[in-house]
Amino acid sequence: MINKAVASVVPYFPKKFIWMFSKKYIAGVTVQDAISVSRSLNMHGVSVTVDLLGEFIHNMEQASFNRDEYLKIIEAFESAQVDGTYSLKPTSFGLLIDPEECYQNIRMIVSLASKYGSFVRIDMEDSKCVDLELTLYKRLKHEFPNRVGLVLQAYLKRTADDVDAMLKLHTPDSPLNFRLCKGIYNESEEIAYKQGSIINENYLKLLEKMLYRGVYVGIATHDVALVEGARKLIKKYQVPKDMYEFQMLYGVAPELRNKIVGDGNKMRVYVPYGEDWFGYSTRRLKENPKMAQHIIKSIFVK
Ligand code: FAD
């Protein structure tokens with residue numbers, strides 16, 4: 001109850017104050033900040049996927065601007081020889097305004113990443129974007145079979161059917177590549193599981209199917225129970241180390257991350273950066289209101 005109340009006041013926290021919390025979870029404001037954080041992760045044996053933070057866009061000029069920014073990021077990351085890939089949210093490129101132009105924007109980004117032998121992950125956004133993002137992925141996968149991947153959300157009831165349908169497109173020349181996460185948006189109970197234990201059960205069911213069918217999976221979670229469940233499945237199916245990786249958000253659960261890396265697993269950290277850190281941070285705070293409680297406490301308790 002308290003957590004919900006705290007979450008509701010998060011957007012009203014002073015910006016300066018949010019930054020105190022955010023700097024742990026955001027690589028900085030400029031591409032150079034993102035490169036230096038990524039390099040230091042690389043030095044600890046961790047790969048990255050970089051994400052330029054952005055708020056909701058209202059026109060296709062903003063979409064073109066975001067596309068050009070991503071093209072610059074790729075050039076900068078590749079010339080700095082960072083061990084990393086790229087994550088993006090299709091709505092930032094016009095998905096809900098002009099899906100065809102959005103496709104063309106993202107196509108240019110994947111094409112450049114592809115030129116460098118890199119990879120682009122399409123983040124999954126809220127439920128109204130799912131069909132459009134599946135279509136986008138299938139189209140891009142057709143042209144860039146090994147250079148693009150999609151995120152799937154275990155809280156959505158439809159995901160099991162989506163996986164089954166996509167498994168038909170899984171071929172040696174054009175393999176599927178998924179990141180599996182719980183899902184972050186506030187969806188209705190008609191379409192989404194709400195109970196943590198059911199979401200976890202579905203997560204492991206989906207993961208089992210993916211690993212069993214030889215799909216490369218980015219196991220994106222900080223939940224110890226899921227990491228443990230994943231470990232058991234990897235062992236059960238003797239999944240080779242180059243067929244999965246663990247993924248975590250920058251700044252979250254570093255001890256667990258070190259443990260997973262120490263056990264010899266590949267780890268990729270999602271590194272968000274950019275001027276729009278404020279919107280990203282308030283969303284993170286709302287997800288984890290315990291953090292917000294700590295922040296509120298620190299205002300009063302010196
Ligand atoms: P939880 O049970 O939520 O968390 C386990 C523990 O981790 C918590 O107790 C807490 O200690 C810690 N923790 C988790 N999240 C945070 C946080 N934000 N701040 C501080 N501590 C935290 N969701 C989407 O809908 N679409 C995406 O494209 C997407 N991409 C993602 C990419 C990566 C690499 C990761 C790691 C997550 C992504 N997510 C995405 C978010 C995901 O869906 C979950 O909301 C988020 O990861 C929390 O779920 P969890 O599995 O870590 O379990």
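Since every read-out is calculated from the coordinates, none of them should be taken as a lab result. Fair warning: this is a prediction, and the values are worked out from it, not measured in the lab. Quick reminder, even Gly has a Cβ in these numbers, built from the backbone with ideal geometry, and neighbours come from all protein chains shown.
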Sort TYR193, TYR212 by Cβ crowding within 10 Å, fewest neighbours at the top. TYR212, TYR193
Sequence-separation-based contact order of the chain, relative, with Cα cut under 8 Å and 6+ spacing, percent: 26 percent
For a quick protection proxy, order the peptides 249-261, 198-210, 166-178 by their average other-Cβ count within 10 Å, most packed first. 198-210, 249-261, 166-178
Using per-residue counts of other Cβ atoms within 10 Å, averaged over each peptide, order 95-103, 67-75, 54-62 from highest down. 67-75, 95-103, 54-62
Over its alpha-carbon atoms, the chain yields an Rg and a Dmax in Å of 18.8, 59
From fewest to most C-beta neighbours within 10 Å, the residues MET20, MET43 line up as MET43, MET20
For LYS16, which aspartates and glutamates qualify as cross-link partners when the Cα separation must be under 18 Å and same-chain residues fewer than eight apart are set aside? GLU275, ASP276
Per q in 0.10, 0.11, 0.18 Å⁻¹, report the Debye log10 I(q)/I(0) for the range 1-121, using one uniform scatterer on each alpha carbon and no solvent. -0.39, -0.47, -0.99
Restraint check, LYS157/LYS232; LYS182/LYS205; LYS157/LYS205; LYS89/LYS209, Cα-Cα greater than 21 Å: LYS157/LYS232; LYS89/LYS209
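Would you calculate, for the chain, the mean residue ellipticity at 222 nm contributed by helices, counting each DSSP H stretch of 4 or more residues as -39,500 (n - 2.57) and dividing by all residues, to the nearest 500? Don't skip to the end; give the middle numbers.
Numbers: 12 runs with 151 residues, N = 302.
So the helix-based figure for the chain works out to -15500 deg cm²/dmol.
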